[in-house]
Every structure is written in C-alpha cells, then in structure tokens.
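Asks: Sharing a structure, written as structure tokens. Questions coming.
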Amino acid sequence: KNPDLSYSMTRRGNLVAVITDGTAVLGLGDIGPSAAMPVMEGKCALFKEFGGVDAFPLCVNSKDVDEIVRTIELISYSFGGINLEDISAPRCFEIERKLKERLDIPVFHDDQHGTAVVVSAALINACKVTGRNLTDIRVLVSGDGAAGTAITRMLYSLGIRDILVCGIDGILSTELTLNEAQKALLEITNSNNISGSMAEGLCGRDVFIGVSAPGILTEDMIKTMADKPIVFAMANPTPEIMPGEALEAGAAVVGTGRSDFPNQINNVLVFPGVFKGALSVRATEITEEMKRQAAWAIAGMVPEGELNAENIIPSPLNRE
C-alpha cells in the first residue's frame, strides 16, 4: 500500500545501480558488457569507499536504446538512483533523457556530468591562479562526445559564453554536416561561426579542455594561445599533450586525468558525494543547480592560501 516504505524498510534508499552496455569503456571503446564488468565493479568500490553508498554493477547486453531504457525501467524499484556508465554517444544522451522522463529517482550519466562538474571545479581555481574572470575566458573544448558535450553545457551554465567545440572534422560550425547532438551544441557555442581546424581555433584562446585523443595538441599550438594559458589534457591513458611539454610551451596551469601528475581532474571527486546528497534528501533528479553547487564546493576544498599552479583541485584521497 505504501511503496515509499521501501526506502526505510529496505536498503533501497542507499543503493545505486551502476549500469553499462560496454560500448565506451575508459580508453578501450566498445569492448562489450562482460569486459566492462571490472570497471563497473571498481566504480561500485569507489561509491562505497568515498560516499558510503552501496552500488551494484549491471552490464546489459544490448545496444538498442529502447531495450536498454526498458530494462533499467523494469528494475528501477530496487534502487534509489541510477548511474549510467561508459555508454557511447550519441545514444547515451537519448538513454538518459528517456530514463529521466520515466523514473522518479535520480539518473546520472557520470561520463557526462561527473566529468563536467570536476572540470568546472578545476577551471574555477585555474582562473583564480592565472588572474582571470571566469565568465570572460575564451575556451576551446576538444571532443564532442559525452564528456565534451556535458562540459560545454556546464561551462555555459556557469556564464562562459565564448566557447568553441572541436570534433574529428574540426570546429563545429554551419560549414560542417552535423548530427542532432552537434547541432544542439552549436546553439550555445561558436557565436561567430568560426570554421577550421583545432589549431586555428586555439589562437588567442585562454583555455584548452581535451577529452578527445592522445597527442593531438602540440607545443606550437599552445604558443599561439593567450598569455598564461590553461591546458586540461584529459584523454586517458595518454593525454592530448604530456604535461612537461605543455609547461615547456608556456602553459601556466596543466591538468590531466592521471594520478601520476599534479592536478588530477578525476570524477571520483564528484559522483559519490553527489549521489550521497541526492539519496539523503530523496531527490527525484540531479539538477543543473546541484551540479553547479558541487563544482563550487569542490573548488572551495582548496584553501585560497594553498592555491597554486600545481594545486587547483583536491586529491581524490582527501576525506573531506
């Protein structure tokens, strides 16, 4: 008679499903649901260790959007939240959208929104270190997949308006043949309809954000950027440019996705806490405002007196 009791009488209220179809696993791509299982297990361990959240890995053997959505919908009453993981673009956008319409529990695609939040936090502090006003910066995002799309949208929501996005064919503009996801991105980027290569787009830019491919950013490109440029090269395991090369070329602040260099921009700083907060207040969704607040909170974990070019983001091992 009262389904809400499932939150207090069972473990549902602290249980998240970590769900993949195995099509975009880390730097490995479409390796399938069985091979994705170790990554999903690792994700669940991180949920428990850093957020006290119980999580369960589920690998779905389908690439059909509606089949995946229906599968998740049917099992959703066992969980307090759904974490989508390692699902390729543009299908991941449609899967998330349809699930949000149908479910009354939070749905969060971590590759999109977790990455966007932690990049935003790092950028907030990098701007402080380099003396920039966040809303005045000129940004180029390399990568128009799940992460690049979500990062761009979040930067826009933070008030940044001068953004270029580069895909495999260059800067997204009306000169290119675009899919629906790219067309939607173009609505909030490239207001001057600049076309050309990434190298051309980088000239005079303050910030490079890479979620794309190894080795595509060169020292010569960085030298054409604005004074004291910010470079986040986050392709894994090999970044768009190695940190030493970026610094040699004049980058003022460099971040990667790796733990063996300073400024690891890692979404493990985001998803355990965001879900813990959402579960604790029985939120039915994770909103844009929640993501913005999470970004500012993470940025604020580095005290002003400790901010420097090699310390713009807290360590994932920081218990606070």
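The values are calculated or read from the model by the stated rules, or taken from the named source; none is laboratory data. Computed from a predicted model, the values in this text were never measured in an experiment. Ideal geometry is used to build each Cβ from the backbone, glycine not excepted, and the neighbour counts take in all protein chains shown. Please note that ligands, DNA and RNA were not included when accessible areas were found on the heavy atoms of the full protein model with its side chains. Shrake-Rupley method; radii C 1.70, N 1.55, O 1.52, S 1.80 Å.
Asks: Confirm whether ALA226 is modelled with pLDDT of 95 or more, farther than 19 Å from VAL117 by Cα and either in a loop (DSSP other than H, G, I, E, B) or of a type in the set (Val, Ile, Thr) (or both). Don't jump to the end; show me each part of the working.
Replies: Numbers: modelled with pLDDT of 95 or more: yes; farther than 19 Å from VAL117 by Cα: yes; either in a loop (DSSP other than H, G, I, E, B) or of a type in the set (Val, Ile, Thr) (or both): yes.
Here the answer is yes, as ALA226 does meet what is asked.
Asks: Still on this model: For residues that are among the acidic types (Asp, Glu) and under 30 Å from LEU317 (Cβ atoms), scanning just the stretch 48-77, find the one that is least open to solvent (accessible area, probe 1.4 Å). Can you show your working first?
Replies: Going through the stretch 48-77, the residues among the acidic types (Asp, Glu) turn out to be 49, 54, 64, 66-67, 73.
Restricting the remaining residues to those that are under 30 Å from LEU317 (Cβ atoms) gives 49, 54.
Numbers: GLU49: 102, ASP54: 32 Å².
The extreme case among them is ASP54.
Asks: Another question about this same structure. Has the stretch 183-193 got any residue that is under 25 Å from ASP110 (Cα atoms) and either open to solvent by 50 Å² or more (accessible area, probe 1.4 Å) or among the acidic types (Asp, Glu) (or both)? Reasoning before the result, please.
Replies: Residues of the stretch 183-193 that are under 25 Å from ASP110 (Cα atoms), as a first pass: 183-189.
Imposing the further condition that a residue be either open to solvent by 50 Å² or more (accessible area, probe 1.4 Å) or among the acidic types (Asp, Glu) (or both) reduces the set to 183, 187.
Within the stretch 183-193, one or more residues are under 25 Å from ASP110 (Cα atoms) and either open to solvent by 50 Å² or more (accessible area, probe 1.4 Å) or among the acidic types (Asp, Glu) (or both).
Asks: Oh, and also: Which residues, taken from the stretch 283-320, are of a type in the set (D, E, K, R) and farther than 15 Å from ILE265 by Cβ?
Replies: First pass over the stretch 283-320, keeping only residues of a type in the set (D, E, K, R): 285, 288-289, 291-292, 304, 306, 310, 319-320.
Hits for the stretch 283-320 are GLU285, GLU288, GLU289, LYS291, ARG292, GLU304, GLU306, ARG319, GLU320.
Asks: Name every residue in the stretch 246-281 that is of a type outside the set (S, T, N, Q), assigned to a loop (DSSP other than H, G, I, E, B) and either surrounded by fewer than 17 Cβ atoms within 10 Å (Cβ to Cβ) or in contact (Cβ under 8 Å) with a residue 40 or more places away in the chain (or both), in order of residue number.
Replies: GLY250, ALA252, ASP260, PHE261, PRO262, ILE265, VAL270, VAL281, listed by residue number.
Asks: Of the residues SER34, SER8, which single one is open to solvent by 20 Å² or more (accessible area, probe 1.4 Å) and either at pLDDT below 95 or on the phi > 0 side of the Ramachandran plot (or both)?
Replies: The unique qualifying residue is SER8.
Asks: Go through (1) over 16 Å from GLU85 (Cα atoms); (2) in contact with a helix residue (DSSP H, G or I) (Cβ under 7 Å, 6 or more places away or on another chain) for PHE56 and report which single condition fails.
Replies: Of (1) over 16 Å from GLU85 (Cα atoms); (2) in contact with a helix residue (DSSP H, G or I) (Cβ under 7 Å, 6 or more places away or on another chain), only one is false for PHE56: (1).
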